[in-house]
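Presented below is the structure to which this report refers.
The values are calculated or read from the model by the stated rules, or taken from the named source; none is laboratory data. Everything quoted here is computed from the prediction, not taken from an experiment. Using ideal geometry, Cβ is built from the backbone for each residue, glycine included, and neighbour counts are taken over all protein chains shown.
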């Protein structure tokens, strides 16, 4: 079968559409004929090589996908052949050791077919296109745990979201508005700031030219935000701490700008700021998030759709961080 894979770790020149053998269907698993798959920053990390993870090459990329079940093994009773499904990218529970993602340590979704545990399959919302169905699972689940389970964000609270336009940040904005919270977002791009306002952000700050903390204080009558969503890391964490109100909560799920931060711990303890880590979500959170998607209250946002054959170009767009919403591969166009 055709798949977008890496031949070895390195840069994007190691990515190619290759012929790879399909996996066997073991007990409790199903084979899904994929129709669309979505890119995540995880794919760039896997291409470069994640410390401590050894992969068998060639390695198929991709965590998000949606398609049709075409083969069901023994021990499966939640899906049947012919079902249209979206995939939960997580394997195991994020609260237990051994948790991983599709495309991280096992073959991923950038392929014509994938074999996954049946428990990772959920009904595709009928109102969504294949591209939209593939676009939401990883980022929306990640943002759901951050906003709902970890932060406990409430109606009327202020939330600061760094780097609007990326998948997790945009999902966080949509969930904030769903919960009735008030959002401040940041981006260096005027088009992204304008789009964010259309999605309900009350303020959008240019982090290249404006003082983000001063802007936050101005928006919140000098108090600061209740919650900060930070998946950027090195470049933003100091700002996140200074932007928090007394007793505020910072939720971090990533470090796209780098993992090492310098923290003035006095600001943390004196203002009683809570810093919480968050990774993906469990099956209960996936079902809760999916119910909101199915209701139509939140609609997944796609940026551009590329055919599988142009997967490297899609990854190049992801690498430039120019997107607003999810970049998707149309696998059904093969």
Quiz item: Which one of these does residue 56 not meet: (1) free of Cβ contacts under 8 Å to residues at least 24 places away in the same chain; (2) within 24 Å of residue 308 (Cβ to Cβ); (3) surrounded by fewer than 17 Cβ atoms within 10 Å (Cβ to Cβ); (4) under 22 Å from the mean Cα position of the chain (by Cα)?
Solution: (4)
Quiz prompt | Yes/no for residue 263 being farther than 27 Å from residue 99 by Cα and surrounded by 15 or more Cβ atoms within 10 Å (Cβ to Cβ) | solution = no
Quiz item: Inside the range 291-314, can you point out the residues that are touching a strand residue (DSSP E or B) at 6+ places or on another chain (Cβ under 8 Å) and within 12 Å of residue 175 (Cα to Cα)?
Solution: 300
Quiz item: For the range 293-311, how many residues are assigned to a loop (DSSP other than H, G, I, E, B) and over 12 Å from residue 134 (Cβ atoms)?
Solution: 5
Quiz item: So which of 85, 115 is in a strand (DSSP E or B), without any contact (Cβ under 8 Å) to a residue 60 or more places away in the chain and touching a strand residue (DSSP E or B) at 6+ places or on another chain (Cβ under 7 Å)?
Solution: 85
Quiz item: Do any helices (runs of 4 or more DSSP H) lying entirely in the range 182-250 carry at least 3 residues that are within 22 Å of the chain's Cα centre (by Cα) and farther than 16 Å from residue 268 by Cα, and which ones are they?
Solution: 190-198
Quiz item: Only one of (1) surrounded by fewer than 18 Cβ atoms within 10 Å (Cβ to Cβ); (2) not assigned by TED's automatic domain parsing to the domain that holds residue 215 fails for residue 282. Which number is that?
Solution: (1)
Quiz prompt | Odd one out for residue 275, checked against (1) more than 25 Å from residue 220 (Cβ to Cβ); (2) in contact (Cβ under 8 Å) with a residue 12 or more places away in the chain; (3) outside any loop (DSSP other than H, G, I, E, B) | solution = (1)
Quiz item: Within the range 234-243, is even one residue closer than 30 Å to residue 124 by Cβ and either buried (at least 22 other Cβ atoms within 10 Å of the Cβ) or not assigned by TED's automatic domain parsing to the domain that holds residue 66 (or both)?
Solution: no
Quiz item: Somewhere in the range 155-177, is a residue under 19 Å from the mean Cα position of the chain (by Cα), surrounded by fewer than 19 Cβ atoms within 10 Å (Cβ to Cβ) and in the same structural domain as residue 232 (by TED's automatic domain parsing)?
Solution: yes
Self-check item: Selection status of residue 290, under 18 Å from residue 138 (Cβ atoms), touching a helix residue (DSSP H, G or I) at 6+ places or on another chain (Cβ under 6 Å), in contact (Cβ under 8 Å) with a residue 12 or more places away in the chain and outside any loop (DSSP other than H, G, I, E, B)
Solution: no
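Yes or no, residue by residue, for (1) outside the structural domain of residue 60 (by TED's automatic domain parsing); (2) farther than 23 Å from residue 329 by Cβ; (3) at pLDDT below 95:
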{"residue": "85", "(1), (2), (3)": "no, no, no"}
{"residue": "97", "(1), (2), (3)": "no, yes, yes"}
{"residue": "111", "(1), (2), (3)": "no, no, no"}
{"residue": "119", "(1), (2), (3)": "no, yes, no"}
{"residue": "125", "(1), (2), (3)": "no, no, no"}
{"residue": "132", "(1), (2), (3)": "no, no, no"}
{"residue": "148", "(1), (2), (3)": "yes, yes, no"}
Practice problem: Could you grab me the full set of residues in the range 190-213 that are touching a residue at least 24 places away in the same chain (Cβ under 8 Å) and over 17 Å from residue 173 (Cβ atoms)? | Solution: 213
Quiz prompt | the range 312-334, subset within 18 Å of the chain's Cα centre (by Cα) and assigned to a helix (DSSP H, G or I), residue surrounded by the fewest Cβ atoms within 10 Å (Cβ to Cβ) | solution = 320
Self-check item: Residues satisfying the stated conditions in the range 72-114, i.e. more than 19 Å from the chain's Cα centre (by Cα) and surrounded by fewer than 15 Cβ atoms within 10 Å (Cβ to Cβ)
Solution: 74, 75, 77, 78, 80, 81, 82, 96, 97, 98
Quiz item: What are the residues in the range 26-52 that are farther than 18 Å from residue 311 by Cβ, touching a helix residue (DSSP H, G or I) at 6+ places or on another chain (Cβ under 8 Å) and part of a loop (DSSP other than H, G, I, E, B), if any?
Solution: 28
